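Student: Before I ask anything, let me first share the structure, which is written out below as structure tokens.
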Amino acid sequence: MQNLRIPGPTPCPPEVLAAMSRQMINHRGVEFSEMVKEVTANMKQVFQTKNDLLLLTGSGTAGLEAAAVNMLSPGDSVLSVSIGVFGERFAKIAQTYGAVVVPLNFPHGQAADVDAVKKALANNPQVKAVLVTHNETSTGITNDLKAISAAVKGAGKLLLVDCISSLGSVNVPVDEWGIDVAISGSQKGWMVPPGMAMISVSEAGWQAYAQAKMPRFYLDLGKAKAGLEKGQTPWTPNVSVVFAFQVALKMMLEEGIENIFARHERHGKFTRDGVKALGLNLLADERYASNTVTSVVADRGLDAKKLNKIMRDEFDIVLAGGQGPLEGKIFRIGHLGMVKEADLQAVFDALKVALPKAGFTG
Ligand SMILES: *Cc1c(COP(=O)(O)O)cnc(C)c1O
């Protein structure tokens, strides 16, 4: 079996795959309505929230777009705290719909500096909302969201967070940290195939929604909320992914969220230790290194693209490459969702053989 070690889509448990092959049901019927209510209630436990939690058919990016168009109006000023490709995407979406973006960019491989966020907020009192990526998948950095949130909420701003590759794997207490809008995606830590974005909205978020004038139709969260009250979604949902979620969430709650977070911490450390033991360097500032994805610098002769090809062709292990400015400069190892230590050990055993073949001189 292929060892799929990318930061999403992640491998799914056999029970989840079996659920995906179930016969269709009426998405306006009682069975679906009970299922969607159960899935939403269980998912709220993972989000650690009492806020509304809505399911949107689409990938994670649909959730980012929903956050922008439902919370903002054209001409609104937003502070974009970006530490990589996904931070830039969030800002680009807001800008596309007419927001005025105040960029606060940090070097790739670094976390956002909280004092700089505070300063930017003080210097830009017109800012209405702050866009942040919790776990920047392109660089393997997890921002100190608790501290960033305290700064943003302290300044009375709306906080919209891309938690796509953190929620379900690492601790994101949405209510405790005051996250107004938190977004995730089914194919990351949730052990479910791609096809759904999940988005929570706070009371302050709904107040912003009532004022927001960006154009929206398919991703209108007010329609999603009204639908959910009847146990429905406004449009035909990805029914198979909801089947998958029903099974995966039961498995997650059975394992316990604290245990899931601890497992990801262990695997994050195991991966970083393994990378260093091979003589390789981490891209990430280790104080903020992600426990869902590890980025490794391709230096000293190492051809990252060649390495990933050898790993795939000779070992049936699929690693991720670098994105945007990091293309060809790093490779990435995903360790979120359904992962065992043996899956990661297999990566290191193969890397030992593949690295010299890919030019690494150590
Ligand atoms: C995967 C990912 C996305 C994009 O999600 P899609 O499902 O590909 O649309 C956005 N942000 C982060 C941090 C991600 O990891």
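Student: Report the per residue volume, in Å³, of the convex hull enclosing the C-alpha atoms of region 15-254.
Tutor: Convex hull volume per residue, Cα atoms: 106 Å³.
Student: Something else now. Which value in nm describes the separation of the simple spin-label points at K276 and K146, placed 7 Å from the Cα toward the beta carbon?
Tutor: Here the modelled spin labels are 2.3 nm apart.
Student: Further, regarding this structure: For T133, what is the net charge nearby, where nearby means another residue's Cβ is under 11 Å from its Cβ and Lys, Arg count +1, Asp, Glu -1?
Tutor: So the environment of T133 carries a net charge of -2.
Student: Tell me which of V275, I93, I148 sits at the most positive position along the dipole axis of the chain, charges placed on C-beta atoms (Lys, Arg +1; Asp, Glu -1).
Tutor: Looking along the dipole axis, the top candidate is I93.
Student: When the chain is modelled as a GNM with alpha-carbon springs shorter than 10 Å, which of V293, V247, V78 fluctuates the most?
Tutor: V247
Student: How much mean residue ellipticity at 222 nm does the chain get from its helices, if each DSSP H run of length 4 or more adds -39500 (n - 2.57) and you divide by all residues, to the nearest 500 deg cm²/dmol? Could the numbers behind the result be given before it?
Tutor: Values: 12 runs with 154 residues, N = 362.
So the calculated ellipticity at 222 nm is -13500 deg cm²/dmol.
Student: In addition: Kindly identify region 155-275 as rounded, prolate or oblate by the Cα gyration tensor criterion: order the square roots of the eigenvalues as a ≥ b ≥ c, call it rounded if a/c is under 1.5, otherwise compare a/b with b/c, prolate if a/b is larger, else oblate.
Tutor: oblate
Student: Kindly report the accessible area of region 15-254 per residue (heavy atoms of protein chains, probe 1.4 Å, no ligands, DNA or RNA), in Å².
Tutor: Here the residues of region 15-254 average 36 Å² of exposed surface.
Student: Separate question: Summing Lys, Arg as +1 and Asp, Glu as -1, what charge do residues with Cβ under 12 Å from the Cβ of A151 carry, A151 excluded?
Tutor: On the way: positive: K118, K119, K146, K153, K157; negative: D113, D115, D144.
Its environment carries a net charge of +2.
Student: With +1 on each Lys and Arg Cβ and -1 on each Asp and Glu Cβ, and nothing else charged, work out how big the dipole of region 15-254 is about its Cα centre, in Debye to the nearest 20. Don't skip to the end; give the middle numbers.
Tutor: On the way: 20 positive and 20 negative charges, 83 e Å.
Dipole magnitude for region 15-254 comes out near 400 debye.
Student: What's the FRET efficiency of W235 with D303 using the Cβ-Cβ distance as r and R₀ = 45 Å, to the nearest 0.05?
Tutor: Approximately 0.50, to the nearest 0.05.
Student: Follow-up. Among A289, T361, I257, flag the residue with its Cα farthest along the positive direction of the charge dipole of region 227-362, charges on Cβ as +1 for Lys/Arg and -1 for Asp/Glu.
Tutor: Toward the positive end, the furthest listed residue is T361.
Student: How big is the charge dipole of region 247-308 about its Cα centre, in debye rounded to the nearest 20, if each Lys and Arg gets +1 on its Cβ and each Asp and Glu gets -1 on its Cβ? Write out the running numbers ahead of the final one.
Tutor: Working: 10 positive and 9 negative charges, 45 e Å.
Charge dipole of region 247-308: 220 debye, to the nearest 20.
Student: For the chain, modelled as a Gaussian network with Cα springs under 10 Å, which listed residue fluctuates most, F243, F106, F90?
Tutor: F106
Student: Quick one, could you list the DSSP H helices from the chain stretching 18 Å or more along their long axis (Cα atoms) with average Kyte-Doolittle hydropathy of 0.0 or above? Spell out each step's value before the answer.
Tutor: On the way: long enough: 30-47 (25 Å, 0.07); 239-255 (24 Å, 1.31); 257-277 (30 Å, -0.99); 341-357 (25 Å, 0.38).
TM-like helix candidates: 30-47, 239-255, 341-357.
Student: At a 1.4 Å probe, what is the % contribution of carbon and sulfur to the accessible area of the chain? Show your work: numbers first, answer last.
Tutor: Numbers: 7550 of 14090 Å².
Taking all protein chains in place, the chain shows 54 percent carbon and sulfur surface.
Student: Turning to a different aspect of this structure: To check you understand DSSP bridge types, tell me what percent of the beta bridges within region 15-254 (both residues inside) are antiparallel, rounded to 5.
Tutor: 40
Student: Follow-up question, since we're still on this one. Going by accessible area, probe 1.4 Å, with all protein chains left in place, what is the ranking of R5, R28, R287, largest first? List each step's numbers first, then the result.
Tutor: Details: R5 5, R28 95, R287 185 Å².
Correct descending sequence by accessible area is R287, R28, R5.
The values are calculated or read from the model by the stated rules, or taken from the named source; none is laboratory data. These numbers were taken from a predicted model, which means no experiment stands behind them. Note that each Cβ is placed from the backbone with ideal geometry, even for glycine, and that neighbours are counted across all protein chains shown. Heavy atoms of the whole protein, side chains included, go into the accessibility calculation; ligands, DNA and RNA do not. Shrake-Rupley method; radii C 1.70, N 1.55, O 1.52, S 1.80 Å.
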